[in-house]
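Here is the structure we will look at.
The values are calculated or read from the model by the stated rules, or taken from the named source; none is laboratory data. Here the structure is a predicted model, which is why all the values come from computation and not from measurement. Reconstructed Cβ throughout: ideal geometry from the backbone, glycine too, with neighbour counts over all protein chains shown.
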Amino acid sequence: MIEKRTVCPFDCPDCCGIIASIENGKVVAVRGDDEHPRTQGFLCRKMNHYEEMINHPNRILYPLKRTGKKGEGQFERISWEEAITSITDQWKKIIKEYGAQALIPYYYAGTEGILQQHCGKAFFNYMGASKLVTTLCSSGKGAGWKAVMGNTLGMPAYKLGQCDRILVWSSNIAATRIHEIPYIKEAREKGAKVTLIDVYETPAAAHCDDTILVKAGTDGALALSMIYVMEKEGLTDHAYIEENVQGYDLLLKELPMYAPEKVAKITGVDAETIRELALSYGKAERPGILLGSGASRNKAGAMLVRCIAALPAVVGSWKKGFGISGIKQTGEWGDRDRIHRSDFAREDTRSLNMMQLASILNKEKTNPPIMGIYIYSCNPVAVTTNIVELRKQMEREDLFTVVHERFMTDTAKYADIILPATFSVEHYDFFHGYGMNSVQYSKKIVEAPGECCSNWETLQRLAAAMGFEDEYFKKSEEEICLEYLQEKTGQLAELTQEEMNRVLEGYAVEKRLSGCFDIATPSGKIELYNPMVADPLICYKDMDVTDRYPLHLVAAPSLYTLNSTFTTQEGLTKKRGRMTLIVSQVDAKARGIEEGDLILCENELAQVTFYADVRDNILPGTVVAEGIYIKDQTIDGNNVNALFSEDLSDLGESTTICGNFVQILRK
Ligand SMILES: Nc1nc2c(c(=O)[nH]1)N[C@H]1C(S)=C(S)[C@@H](COP(=O)(O)OP(=O)(O)OC[C@H]3O[C@@H](n4cnc5c(=O)[nH]c(N)nc54)[C@H](O)[C@@H]3O)O[C@H]1N2
Ligand SMILES: Nc1nc2c(c(=O)[nH]1)N[C@H]1C(S)=C(S)[C@@H](COP(=O)(O)OP(=O)(O)OC[C@H]3O[C@@H](n4cnc5c(=O)[nH]c(N)nc54)[C@H](O)[C@@H]3O)O[C@H]1N2
Ligand SMILES: [Mo]
């Protein structure tokens with residue numbers, strides 16, 4: 001048996017180091033890498049048995065051609081040669097008849113590796129296909145941050161350990177940010193109080209001193225009310241504001257609207273709790289916020305983030321490097337455009353938003369119509385929105401669908417041709433975690449089973465058959481990775497030779513940032529007033545609730561799965577349990593619903609059946625669905641995403657999967 005170093009490829013801030021045990025050319029076990037600077041030998045419950053996923057009997061090992069109806073999942077094996085010829089013949093036909101923009105790639109973060117995640121951009125830019133706007137995750141949060149802080153980096157996560165007051169805001173750290181927990185523990189041991197602010201009491205509460213439940217989407221009002229109290233109590237830092245903050249004078253005039261008594265009605269948080277929260281935050285020497293993404297996934301999500309971003313500005317804690325973590329907290333490692341190849345793109349190419357896939361595929365809505373889609377590293381039929389309509393569009397007989405996958409996902413079932421994809425241990429790639437400022441080269445450590453092929457090598461085969469002549473498409477993935485890592489750009493330029501040698505050997509190398517950054521906005525100030533955006537001054541924006549659909553529906557992560565990844569792992573899905581909707585006792589009682597009842601959750605888009613999980617630790621008016629259930633694991637064929645619209649956030653065009661409304665009734 002031999003051991004090789006690798007990295008967790010999945011979409012999570014942590015980017016854990018892994019040691020894989022290999023026997024007879026197969027990964028037979030994995031453990032955390034003790035030498036990883038941050039994750040230090042730890043792996044989450046999902047990754048402890050990565051080998052089971054890699055060696056799973058249901059893996060797709062050969063190219064497949066559809067034999068049944070779209071969506072049914074019946075396929076037969078074909079050769080790679082036949083697959084490549086059928087795909088490229090069809091693409092050439094589409095390009096001739098409709099133009100290259102009738103084709104679109106569709107991808108997201110099945111793997112976080114920089115090459116394998118983004119390599120399709122070079123290919124489809126070269127082709128001239130429609131571009132995809134990739135806002136499935138937290139672009140609203142990013143845009144809100146940018147509107148206030150410009151390109152300033154957030155607080156590095158390790159600084160949470162030095163904070164004397166912490167707000168874990170809209171993040172289920174027990175599921176999604178496990179490596180922040182030791183910092184929070186460290187701070188608590190030194191006496192810091194830690195408060196969770198969420199719409200329901202998640203498992204993250206076990207790592208906090210108390211929980212404040214807030215009505216979904218109203219956190220902006222809560223933050224502004226905290227500013228109201230801190231201003232009144234003399235806890236704002238006027239000298240800092242004078243020099244570094246733009247628009248506070250304008251905000252002061254609006255603050256009376258945000259008195260705790262008024263905001264209590266908006267947020268469901270009582271006035272006394274708001275006051276206490278504000279006082280403890282305002283009095284802290286080193287206050288820190290760990291901001292997750294949930295609260296930003298609604299139509300006013302970027303504005304909500306702008307309000308929260310104002311908190312460290314008005315108390316002046318940024319000057320000591322204490323502010324907000326969980327957001328843009330890593331620098332760039334190298335020049336990503338080496339992979340994206342925007343130089344291949346044509347200027348007049350249209351861009352289409354991935355959250356609106358059902359509309360994109362609707363020939364009446366998109367002109368020229370989309371006639372071909374190439375989906376890789378993403379499972380849109382399970383993870384995006386408006387999926388009842390999406391399935392209908394995916395059934396279009398004249399839509400040519402290629403899916404590059406590892407498993408027979410809900411999406412792959414709609415493919416005309418499926419191509420078999422590799423796991424991270426079977427291809428070359430490089431990573432840099434989004435929660436920690438590190439870089440790691442991930443070598444191919446075992447041969448792929450069957451005829452599985454990596455994202456890049458698959459595109460190379462397609463490029464050859466399309467007649468793409470640029471030399472770039474002839475480079476091996478190992479070559480691309482090594483050239484990228486050895487070009488001295490971004491933070492790669494700051495590595496010593498010794499550190500670079502470690503990177504090339506496959507170790508993660510971390511660069512610790514101080515957290516004391518210059519404000520990188522156009523004005524050089526923190527912009528509570530930003531004249532470049534639609535609502536220049538930060539404010540609270542109301543949600544449009546209707547009587548018909550009075551409950552705010554929130555999608556939240558599960559401890560046992562990662563989006564739709566890991567839904568193939570029987571052990572994990574068993575622990576995750578059946579598909580439930582978390583409902584408050586008040587809302588349940590009002591509808592005669594009891595724990596475990598089958599309930600129908602509905603709005604204008606769909607009706608979805610759940611089991612009721614009735615709790616007292618969620619505010620009335622909000623219902624929560626944890627995790628993504630693939631079709632076979634749902635109760636009536638639909639998961640929660642059937643209830644989410646294609647609406648986008650105010651800035652950043654992000655998904656609004658935490659901001660739609662529903663009604664529930666007992667079945
Ligand atoms: N186990 C596991 N780990 C994961 C993932 C997973 O699915 N499972 N997903 C990965 C991905 S893709 C991402 S983007 C990251 C996300 O990780 P984070 O950015 O840390 O965010 P989440 O934990 O997803 O945040 C969701 C939380 O926000 C809460 N929330 C929703 N709306 C509101 C609101 O209006 N106000 C407040 N205060 N809270 C609200 C939800 O109840 C939920 O607890 O995690 C990654 N890690
Ligand atoms: N209800 C609900 N919906 C959500 C969320 C939620 O919490 N709740 N979270 C949202 C968020 S934050 C995100 S980021 C998205 C995530 O949505 P996606 O990016 O679609 O993520 P996954 O569902 O994990 O699916 C990734 C797919 O990529 C495949 N894959 C993995 N590695 C490779 C590879 O190397 N090559 C190829 N070709 N394929 C590969 C996997 O088999 C898997 O089917 O979902 C969003 N949707
Ligand atoms: Mo995400």
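For the list (1) touching a strand residue (DSSP E or B) at 6+ places or on another chain (Cβ under 9 Å); (2) farther than 27 Å from ARG188 by Cβ, I need the number of the one condition that TYR228 fails.
Of the numbered conditions (1) touching a strand residue (DSSP E or B) at 6+ places or on another chain (Cβ under 9 Å); (2) farther than 27 Å from ARG188 by Cβ, the odd one out for TYR228 is (1).
Is it the case, given these coordinates, that GLY154 is touching a residue at least 24 places away in the same chain (Cβ under 8 Å), within 13 Å of ligand 1 (Cβ to nearest atom) and in contact with a strand residue (DSSP E or B) (Cβ under 8 Å, 6 or more places away or on another chain)?
Yes.
Please verify whether ASP587 is at pLDDT 95 or above, of a type in the set (Asp, Glu) and exposed (fewer than 15 other Cβ atoms within 10 Å of the Cβ), treating the condition exactly as stated.
Values: at pLDDT 95 or above: yes; of a type in the set (Asp, Glu): yes; exposed (fewer than 15 other Cβ atoms within 10 Å of the Cβ): no.
It is false that ASP587 is at pLDDT 95 or above, of a type in the set (Asp, Glu) and exposed (fewer than 15 other Cβ atoms within 10 Å of the Cβ).
Considering THR111, THR67, which residue is under 27 Å from TYR126 (Cβ atoms) and either free of Cβ contacts under 8 Å to residues at least 12 places away in the same chain or among the hydroxyl-bearing types (Ser, Thr, Tyr) (or both)? Walk me through how you get there before you give the answer.
Working: THR67 fails: under 27 Å from TYR126 (Cβ atoms).
Exactly one of THR111, THR67 is under 27 Å from TYR126 (Cβ atoms) and either free of Cβ contacts under 8 Å to residues at least 12 places away in the same chain or among the hydroxyl-bearing types (Ser, Thr, Tyr) (or both), namely THR111.
Which of the residues spanning region 352-373 are closer than 24 Å to CYS119 by Cα and over 21 Å from the mean Cα position of the chain (by Cα)?
Listed by number, the residues that qualify are ILE360, LEU361, ILE370, MET371, GLY372, ILE373.
Quick check on region 187-208. Is at least one of its residues closer than 20 Å to LEU43 by Cβ, of a type in the set (D, E, K, R), assigned to a helix (DSSP H, G or I) and more than 18 Å from the chain's Cα centre (by Cα)? First the steps, then the outcome.
Let us first name the residues in region 187-208 that are closer than 20 Å to LEU43 by Cβ, namely 203-204, 206-207.
Pick out the ones that are also of a type in the set (D, E, K, R) and you get none.
Checking region 187-208: not a single residue is closer than 20 Å to LEU43 by Cβ, of a type in the set (D, E, K, R), assigned to a helix (DSSP H, G or I) and more than 18 Å from the chain's Cα centre (by Cα).
Any chance region 182-195 includes a residue that's under 20 Å from ILE418 (Cβ atoms) and touching a Gly at 6+ places or on another chain (Cβ under 7 Å)?
no
Just checking, does region 626-639 include any residue being within 16 Å of ligand 1 (Cβ to nearest atom), small (Gly, Ala, Ser), closer than 23 Å to THR218 by Cβ and within 22 Å of the chain's Cα centre (by Cα)?
Our first condition is that a residue be within 16 Å of ligand 1 (Cβ to nearest atom); within region 626-639, this holds for 626-630, 633, 639.
Still in the list and also small (Gly, Ala, Ser): 627.
In the following step, the residues that additionally are closer than 23 Å to THR218 by Cβ were identified as none.
Within region 626-639, not a single residue is within 16 Å of ligand 1 (Cβ to nearest atom), small (Gly, Ala, Ser), closer than 23 Å to THR218 by Cβ and within 22 Å of the chain's Cα centre (by Cα).
Identify, by number, the condition in (1) of a type in the set (D, E, K, R); (2) in contact (Cβ under 8 Å) with a residue 40 or more places away in the chain; (3) assigned to a loop (DSSP other than H, G, I, E, B); (4) more than 30 Å from LEU651 (Cα to Cα) that ASP535 doesn't meet.
Result: ASP535 passes all but (4).
Could you please find all residues in region 320-342 being touching a residue at least 60 places away in the same chain (Cβ under 8 Å) and assigned to a helix (DSSP H, G or I)?
LYS320, ARG338, ILE339, HIS340, SER342 - these are the residues of region 320-342 that are touching a residue at least 60 places away in the same chain (Cβ under 8 Å) and assigned to a helix (DSSP H, G or I).
Can you tell me which condition GLY128 does not meet? The list is (1) more than 22 Å from the chain's Cα centre (by Cα); (2) among the small types (Gly, Ala, Ser); (3) within 16 Å of ligand 3 (Cβ to nearest atom), and all the others hold.
The failed condition is (3).
Restricting attention to region 1-53, which residues are surrounded by 22 or more Cβ atoms within 10 Å (Cβ to Cβ) and on the phi > 0 side of the Ramachandran plot?
Selection gives CYS15 alone.
Mind listing whichever residues of region 475-505 are crowded, with 16+ Cβ neighbours inside 10 Å, in contact with a Phe, Trp or Tyr (Cβ under 8 Å, 6 or more places away or on another chain) and not in a helix (DSSP H, G or I)?
None; the set is empty.
I need a count of the residues in region 243-271 that are part of a loop (DSSP other than H, G, I, E, B), farther than 17 Å from ARG306 by Cβ and under 33 Å from the mean Cα position of the chain (by Cα). Before the answer, list the steps.
Step one: of region 243-271, the residues part of a loop (DSSP other than H, G, I, E, B) are 247, 259, 268-270.
Those still in the list that are farther than 17 Å from ARG306 by Cβ too: 259, 268-270.
Subset that is under 33 Å from the mean Cα position of the chain (by Cα): 268-270.
Summing the residues that are part of a loop (DSSP other than H, G, I, E, B), farther than 17 Å from ARG306 by Cβ and under 33 Å from the mean Cα position of the chain (by Cα) in region 243-271 gives 3.
Just need a number here: residues in region 557-572 that are crowded, with 20+ Cβ neighbours inside 10 Å and in a helix (DSSP H, G or I).
1
State which residue pairs qualify: first residue more than 18 Å from ASN641 (Cβ to Cβ) and inside region 124-136, second residue among the small types (Gly, Ala, Ser) and in a loop (DSSP other than H, G, I, E, B) in any location, beta carbons under 9 Å apart, and separation of 6 or more residues or different chains.
PHE124/SER130; PHE124/ALA345; ASN125/ALA345; TYR126/ALA345; GLY128/GLY99; GLY128/ALA345; LYS131/ALA345
Counting just the residues of region 147-173 that are under 17 Å from the mean Cα position of the chain (by Cα) and over 19 Å from GLY433 (Cβ atoms), which one comes out nearest to ligand 3 (Cβ to nearest atom)?
Of everything passing the filter in region 147-173, SER170 is nearest to ligand 3 (Cβ to nearest atom).
Go through region 36-75 and give me each residue that's more than 28 Å from LYS574 (Cα to Cα) and modelled with pLDDT under 95.
HIS36, PRO37, ARG38, GLN40
Do you know which residues across region 640-667 are assigned to a helix (DSSP H, G or I) and more than 18 Å from the chain's Cα centre (by Cα)?
The answer is ALA642, LEU643.
Being more than 26 Å from the chain's Cα centre (by Cα) and part of a strand (DSSP E or B) is the filter; apply it to region 581-610 and report the residue that is farthest from PRO203 (Cα to Cα).
Result: LEU600.
Out of all the residues in region 308-315, is one or more crowded, with 24+ Cβ neighbours inside 10 Å, within 16 Å of ligand 3 (Cβ to nearest atom) and touching a residue at least 60 places away in the same chain (Cβ under 8 Å)?
The answer is no, given that none of the residues of region 308-315 is crowded, with 24+ Cβ neighbours inside 10 Å, within 16 Å of ligand 3 (Cβ to nearest atom) and touching a residue at least 60 places away in the same chain (Cβ under 8 Å).
Please list, ordered by residue number, the helices (runs of 4 or more DSSP H) wholly in region 352-458 having 3 or more residues that are among the aromatic types (Phe, Trp, Tyr) and either in contact with a Leu (Cβ under 7 Å, 6 or more places away or on another chain) or more than 16 Å from ligand 2 (Cβ to nearest atom) (or both).
By residue number, no helices (runs of 4 or more DSSP H) qualify.
Quick one: which residue in ALA109, ALA129, ALA147 is closer than 30 Å to SER514 by Cα, not in a helix (DSSP H, G or I) and not basic (Lys, Arg)? Full working, then the answer.
On the way: ALA129 fails: closer than 30 Å to SER514 by Cα; ALA147 fails: not in a helix (DSSP H, G or I).
Just a single option satisfies the conditions, and that option is ALA109.
Please enumerate the residues belonging to region 306-319 that are in a helix (DSSP H, G or I) and among the small types (Gly, Ala, Ser).
So in region 306-319, the residues in a helix (DSSP H, G or I) come out as 306-315, 317-319.
Result: ALA309, ALA310, ALA313, SER317.
Among (1) small (Gly, Ala, Ser); (2) in a helix (DSSP H, G or I); (3) surrounded by 22 or more Cβ atoms within 10 Å (Cβ to Cβ), which single condition is SER86 missing?
All conditions are met except number (3).
Among the residues of region 531-579, count how many are of a type in the set (Ser, Thr, Tyr) and either more than 15 Å from ligand 1 (Cβ to nearest atom) or over 18 Å from the mean Cα position of the chain (by Cα) (or both). Break it down stepwise before answering.
Residues of region 531-579 that are of a type in the set (Ser, Thr, Tyr), as a first pass: 540, 546, 549, 558, 560-561, 564-565, 567-568, 573.
Right, trim to either more than 15 Å from ligand 1 (Cβ to nearest atom) or over 18 Å from the mean Cα position of the chain (by Cα) (or both) and you get 540, 546, 549, 568, 573.
Of the residues in region 531-579, 5 are of a type in the set (Ser, Thr, Tyr) and either more than 15 Å from ligand 1 (Cβ to nearest atom) or over 18 Å from the mean Cα position of the chain (by Cα) (or both).
When you check ALA204 against the structure, is it within 16 Å of ligand 2 (Cβ to nearest atom) and touching a helix residue (DSSP H, G or I) at 6+ places or on another chain (Cβ under 6 Å), yes or no?
So ALA204 passes the test.
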